[in-house]
Amino acid sequence: MKGRALSDLEDAVVKTPVAADEHDADIERVVISEREIQDRLRELGAQITVDYAGREPLLVGVLKGAFVMMADLSRHIRLPIEVDFMAVASYGAATKTSGVVRILKDLDHDLEDRDVLLVEDIVDSGLTLNYLLKNLRGRRPASLEVCALLKKTGIQRVHLDVKYVGFEIPPDFVVGYGLDFAENYRNLPYIGLLRPEAYRDV
């Protein structure tokens, strides 16, 4: 009976039409696919493993956008690691950074003499990242590098040395894979271009 009931349930699931995700309807096009993201993170993890051989890096994720990337990236690093998180605010519900950075959650770890890898979702103007790097350098880490999933081209307002970059993209407003607009779209498995009408009136 149990086997038959399970079979009937599976048939019902297969035959039941699944409604399209309303988030997907707001996406104009996929910029970077789920497969491309995972392949690139595997490459970055392998490179970080080589570069930090013999050390135990501390990965610092910048919330909220980096939490998805950091989880996947960490599984491709074949070294003992520790993780910590900072939460900062600079966008609100806007599509461009305000340039004003507030630390909402600070680190639990002491950075002195640690090899720190700051994990960011996206680098656009660079103002937020520049602020964070200055803040973290003041805590005297042994080394401090940046790994960013995305770097927008041609719009940086400060020069930044980002050692590990997943993808360079045009200066469009993208969401997905941790990136949001007004706290939506973070759970999309790909990076997508948001339709202008989805944020025009905000």
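The values are calculated or read from the model by the stated rules, or taken from the named source; none is laboratory data. Bear in mind the structure is a predicted one, so any value in this text is a computation, not a measurement. Here Cβ is always computed from backbone atoms with ideal geometry, including for glycine, and neighbour counts include all displayed protein chains. Keep in mind that these areas ignore ligands, DNA and RNA; they rest on the heavy atoms of the full protein, side chains included. Shrake-Rupley method; radii C 1.70, N 1.55, O 1.52, S 1.80 Å.
Residue by residue, the range 60-68 carries 3J(HN,Hα) couplings of 10, x, 9, 7, 9, x, 8, 5, 5 Hz when phi is fed to the Karplus relation 6.51 cos²θ - 1.76 cosθ + 1.60 (θ = phi - 60°); x denotes Gly or Pro. What the phi angles of the range 27-32 give under the Karplus curve with 6.51, -1.76 and 1.60, with θ = phi - 60°, is a coupling list of 8, 6, 6, 7, 8, 9 Hz, glycine and proline written as x. Taken one residue at a time, the phi angles of the range 149-155 give Karplus couplings (6.51, -1.76, 1.60, θ = phi - 60°) of 5, 10, 9, 6, 8, x, 10 Hz. Gly and Pro are set to x.
When all alpha carbon pairs of the range 26-140 are counted in 5 Å bins from zero, the resulting P(r) reads 2, 10, 19, 21, 20, 16, 8, 3, 1, 0 %. Between the amide H of VAL146 and those of LEU118, LYS163, TYR164, distances stay under 5 Å, these residues lying 5 or more places away or on another chain, with hydrogens modeled in the peptide plane. A Förster radius of 30 Å combined with the Cβ-Cβ distance from GLU168 to GLU56 puts the calculated FRET efficiency at roughly 0.50.
The lysine pair count for the range 72-202, using Cα distances under 18 Å and pairs eight or more places apart or on different chains, is 6.
Amide H contacts under 5 Å for ILE169: LYS151, LYS152, THR153, restricted to partners 5 or more places along the chain or on a different chain, H placed in the peptide plane at 1.01 Å from N.
A 1.4 Å probe run over the range 149-202, with the rest of the protein chains in place, finds 51 Å² accessible per residue. When its C-alpha radius of gyration is set against 2.2 N^0.38 Å (N residues), the range 98-202 gives a value of 1.17. So if the hydrodynamic radius of the range 151-191 is defined as the Kirkwood radius over C-alpha pairs, what does Stokes-Einstein give as its diffusion coefficient at 37 °C and 0.692 mPa s, in µm² per second? Answer from the Stokes-Einstein relation: 283 µm²/s. Computed from label points 7 Å out along Cα-Cβ, the spacing between THR49 and GLU28 is 3.8 nm.
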